[in-house]
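Student: Please find one structure pasted underneath; my questions will follow.
The values are calculated or read from the model by the stated rules, or taken from the named source; none is laboratory data. Only a predicted model underlies this, so the values are computations on that prediction, with no experimental measurement involved. Because the Cβ atoms are built from the backbone with ideal geometry, glycine has one as well, and the counts that use them run over all protein chains shown. Remember, those area values only see protein heavy atoms, side chains included, never the ligands or the DNA or RNA. Shrake-Rupley method; radii C 1.70, N 1.55, O 1.52, S 1.80 Å.
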Amino acid sequence: MATVQVSEAEKVYILHGIRDDLRVDGRGCEDYRHMEIETDVVSNTDGSAKITLGHTAVLVGVKAEIGKPRPLVPNEGYLEFFVDCSANATPEFEGRGGEELGTELSNTLYKVFNNKHSVDLKSLSISAGEHCWVLYVDVLLLQCDGNLYDAISIAIKAALFNTKIPRVHISSDDEGGKEIELSDDPYDCMRLDVENVPCIVTLCKVGHRHVVDATLQEKACSVASLIISVTHKGTVTCTRKVGGGSLDPESIYEMTEAGKRVGKALHAPLMKLLQQEESLGTKRQKVGFLG
């Protein structure tokens, strides 16, 4: 994870501001930075999205391929995650510096998204026990300024919303085998229901309070963080504690309740924005991930 050095005077300034619910950039403790989202930014994917949260920039591409279902769940498809930490995001990712973080992020994303409560995995099944859709979700960190989990989860939800999976037609050949034909009509496709896809809310314990969407400077003052994935109904689907410090039960309860409140409030404007962008069709102005 990218880090910055903060002097003792800066730490005191940040801590006193958070104590009074006034952070260095003017936000309250439960406010996000300015967020920009754009979908359909990569042409050779089935779905894509780019998000900018403050100075954190994340690009997500989704590719759908036909694979073999897993033996324990023969009537479901599945998702695979790969996170690439670009060396341009921070000097710490140069060489193999970003591999450990990429693996950590991938494992967390797998727990959060690859389950029947988040995505309707049965809708990805083509023929039980034989063929299913496998969604390869590739995440590229373009710029790192804190709060990676939240930015990545929002980008994944937007990319899954944008994903168009070709319609499959199954027919039998002369020998009784199955033949799979994919529709070449770009409008004859299947869309995913992303309503239950959770968003991750990261809360950092700074002093005696906790903050949402911490910057790198605030992260440097934090003893520990709580990562919570929350659905649009406010249901917590996954919780993980990161950082070397400890959290007492009362803090965990307060942070969980705040995460549920913030996460639930995040879904409605996000879905509204995605639907508005979708309704524009070809009229919408594309900026692109280099814009």
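Student: Does LYS164 qualify as being within 28 Å of SER222 (Cβ to Cβ) and among the basic types (Lys, Arg)?
Tutor: no
Student: Separate question: Give me the pairs, please: first residue somewhere in the range 17-38 and within 14 Å of GLY207 (Cα to Cα), second residue anywhere and part of a helix (DSSP H, G or I), beta-carbon distance under 8 Å, and either six or more positions apart or on two chains.
Tutor: Listed pairs, sorted by first residue: ILE18/GLU218; ARG23/ILE14; ARG23/GLY17; ARG23/GLU218; CYS29/ILE18.
Student: If you don't mind, another one. Residues in the range 261-291 that are part of a helix (DSSP H, G or I), basic (Lys, Arg) and either modelled with pLDDT under 90 or in contact with a helix residue (DSSP H, G or I) (Cβ under 9 Å, 6 or more places away or on another chain) (or both): how many?
Tutor: Residues meeting the conditions: 1.
Student: Now, a different point. Filter the range 236-257 for residues that are within 19 Å of the chain's Cα centre (by Cα) and either open to solvent by less than 70 Å² (accessible area, probe 1.4 Å) or touching a residue at least 60 places away in the same chain (Cβ under 8 Å) (or both) and give the result.
Tutor: Listed by number, the residues that qualify are VAL236, THR237, CYS238, ARG240, VAL242, THR256.
Student: Could you tell me which numbered condition ASP138 fails, if it satisfies all but one of (1) open to solvent by less than 10 Å² (accessible area, probe 1.4 Å); (2) touching a Lys or Arg at 6+ places or on another chain (Cβ under 9 Å)?
Tutor: Result: ASP138 passes all but (1).
Student: With a cut-off of at least 1 residues that are touching a strand residue (DSSP E or B) at 6+ places or on another chain (Cβ under 7 Å), under 30 Å from LYS68 (Cβ atoms) and hydroxyl-bearing (Ser, Thr, Tyr), name the strands (runs of 3 or more DSSP E) lying wholly within the range 171-260.
Tutor: 224-230, 236-242
Student: Every residue in the range 9-50 that is in contact with a strand residue (DSSP E or B) (Cβ under 9 Å, 6 or more places away or on another chain), farther than 27 Å from ARG191 by Cβ, among the hydrophobic types (A, V, I, L, M, F, W, C) and open to solvent by 30 Å² or more (accessible area, probe 1.4 Å), please.
Tutor: LEU15
Student: Let me ask something else about it. Pick out the one residue from THR103, THR90 that is crowded, with 19+ Cβ neighbours inside 10 Å and of a type in the set (Ser, Thr, Tyr).
Tutor: Result: THR90 is the single residue among THR103, THR90 that is crowded, with 19+ Cβ neighbours inside 10 Å and of a type in the set (Ser, Thr, Tyr).
Student: Another question, then. Identify all residues within the range 158-170 that are closer than 17 Å to ASP193 by Cβ and either touching a helix residue (DSSP H, G or I) at 6+ places or on another chain (Cβ under 7 Å) or part of a strand (DSSP E or B) (or both); write none if there are none.
Tutor: Once the filter is applied, which keeps residues that are closer than 17 Å to ASP193 by Cβ and either touching a helix residue (DSSP H, G or I) at 6+ places or on another chain (Cβ under 7 Å) or part of a strand (DSSP E or B) (or both), the range 158-170 yields ALA158, PHE161, LYS164, ILE165.
Student: Does SER229 satisfy being among the polar types (S, T, N, Q) and free of Cβ contacts under 8 Å to residues at least 40 places away in the same chain?
Tutor: no
Student: Let me ask something else about it. Test LEU72 against the stated conditions and say whether it is out of contact with any Gly (no Cβ under 7 Å at 6 or more places or on another chain), hydrophobic (A, V, I, L, M, F, W, C) and at pLDDT 85 or above.
Tutor: yes
Student: Which one of VAL58, VAL6 is open to solvent by less than 50 Å² (accessible area, probe 1.4 Å), modelled with pLDDT under 90, within 16 Å of THR215 (Cα to Cα) and in contact with a helix residue (DSSP H, G or I) (Cβ under 8 Å, 6 or more places away or on another chain)?
Tutor: VAL6
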